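Q: Just passing along the structure, written as structure tokens.
The values are calculated or read from the model by the stated rules, or taken from the named source; none is laboratory data. Predicted, not measured: the structure shown is a model, and the values here were computed from it. For neighbour counting, all protein chains shown are included, and Cβ atoms are generated from backbone atoms with ideal geometry for every residue, glycine included.
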Amino acid sequence: MTASPEIEVRPALPGEARRALDLVTPAAAGPASEDALLYANLGHLVVAARAGAYVGLCAFIPNVGRCAALLPPRLVEWDEALAARLIRAAAREAHRRAGALLVQALLDPDGPPSVPAAYEGAGLERLATLVYMRRPVSPDDRRLPSDRELEWKPYGRLRHREFARTIEATYEATHDCPRLAGLRSVADAIATHRSTGTFSPRAWHVARLESRAVGVELVNNLQGRGELVYLGVVADARRRGIGRALLVRAIRDTADMGLPQMGLAADAANTPALHLYEGMGFKEVRRRAAWFVPKEGLAALAAGADAASPTGS
């Protein structure tokens, strides 16, 4: 009995991505899914082939701030071990070739268990369940009462260092995705925040209390709504109502931009933050499970180690 040829997993060659996508997608995905357009315009692709025939593929989207998003693998026929090999190969390319330190994926938390199992087999770990929330915003929100004890300073080139120092201070003992601490520099994080939607420096504020920075709120214009890309309070200033004041300021900034809605995402384990958002009128619209490559996993990717065993199936 002749053994099946072993499956090769490798980066796509120039001009190969479109051909692989056309051959794998119809059988693997059926009707168009939410990531189909992203795949159709990507060149950062790894493919799986047996005897010259494509049997699967996976891709990543690099972003500024040394981060990258992994797209779900596509296979002609689902194979958990092969899916793990594809995911790991895409993560390796994102880290080694694109320099990503935060390599992550967002999954449907209610999807089939074989999908997260493939990510786990690839060496990724569950980071958090992200709760996406939205709130309508009207011109009347410009008149929301502001904390009179706080002094607000908008972002500017001369205040960049103050913003960076304050953001870094808010990471201490944070309840929002704490396992990300130390993966990237604060400069990388700020670069990612700036690249989310349209950077709106007038809607980025540092809050000062008695001349000392105690928190930040950063709002961008994302597809016609205000997006709270970051909100944080320094550790020794928490539980004093500053988080609520920052959120009120973010809502006012969204209203000042004339945007009809505001959105945000929070770690489902961050109960105080969720209570704050719900109290200010935000409603949950969806959840996503966030997976990431932990710090020790980055070293394995750089070394070329492969946690998933080859398959000839």
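Q: Is it fair to say D147 is part of a helix (DSSP H, G or I) and in the same structural domain as L183 (by TED's automatic domain parsing)?
A: Here the answer is no, as D147 does not meet what is asked.
Q: Kindly establish whether D188 is in the same structural domain as A265 (by TED's automatic domain parsing), in a helix (DSSP H, G or I) and acidic (D, E).
A: It is true that D188 is in the same structural domain as A265 (by TED's automatic domain parsing), in a helix (DSSP H, G or I) and acidic (D, E).
Q: Return the only residue of A128, A164, A91, A98 being aliphatic (A, V, I, L, M) and out of contact with any strand residue (DSSP E or B) (no Cβ under 7 Å at 6 or more places or on another chain).
A: A164
Q: Report the residue count in the stretch 258-289 for those that are under 23 Å from A105 (Cβ atoms) and touching a Ser or Thr at 6+ places or on another chain (Cβ under 7 Å).
A: Here the count works out to 3.
Q: With surrounded by fewer than 19 Cβ atoms within 10 Å (Cβ to Cβ), under 21 Å from I242 (Cα atoms) and touching a Lys or Arg at 6+ places or on another chain (Cβ under 9 Å) as the only criterion, which of R208, R202, R148 stands out?
A: R208
Q: On to the next question. Return the pairs, sorted by first residue and then second, in which the second residue is among the hydrophobic types (A, V, I, L, M, F, W, C) and at pLDDT 95 or above, the first residue lies in the stretch 289-302 and is assigned to a helix (DSSP H, G or I), the beta carbons are less than 8 Å apart, and the residues are 6+ apart or on different chains.
A: Here the result reads G297/L124; L298/L101; L298/V103; L301/A91; L301/V103; L301/V293, each pair linking the stretch 289-302 to a residue that is among the hydrophobic types (A, V, I, L, M, F, W, C) and at pLDDT 95 or above.
Q: I want to confirm something. Restricting to the stretch 169-185 and keeping residues that are part of a helix (DSSP H, G or I) and crowded, with 17+ Cβ neighbours inside 10 Å, which single residue is modelled with the lowest pLDDT?
A: Ranking the qualifying residues of the stretch 169-185, first place goes to L180.
Q: Right, another one. Of all strands (runs of 3 or more DSSP E) completely enclosed by the stretch 39-141, which ones contain at least 1 residues that are touching a residue at least 12 places away in the same chain (Cβ under 8 Å), within 16 Å of the chain's Cα centre (by Cα) and crowded, with 24+ Cβ neighbours inside 10 Å?
A: The strands (runs of 3 or more DSSP E) meeting that bar are 53-63, 67-70, 102-107.
Q: Give me the pairs: first residue in the stretch 195-206 and closer than 17 Å to L158 by Cβ and in the same structural domain as R249 (by TED's automatic domain parsing), second residue surrounded by 23 or more Cβ atoms within 10 Å (Cβ to Cβ) and among the acidic types (D, E), beta-carbon distance under 8 Å, and six or more apart or on different chains, which are they?
A: So the pair list comes out as R202/D253; W204/E217; H205/E217; H205/D253.
Q: Next question, about the same structure. Pairs needed: first member in the stretch 166-180, closer than 18 Å to P272 by Cβ and assigned by TED's automatic domain parsing to the domain that holds R238; second member anywhere, in a loop (DSSP other than H, G, I, E, B) and basic (K, R); C-beta distance under 9 Å; at least 6 residues apart or different chains.
A: Short answer, once both residue conditions are applied: A173/R238.
Q: Another question, if that's okay. Can you name the condition, by its number, that R66 falls short on among (1) at pLDDT below 90; (2) on the phi > 0 side of the Ramachandran plot?
A: Checking R66 against (1) at pLDDT below 90; (2) on the phi > 0 side of the Ramachandran plot, the one that fails is (1).
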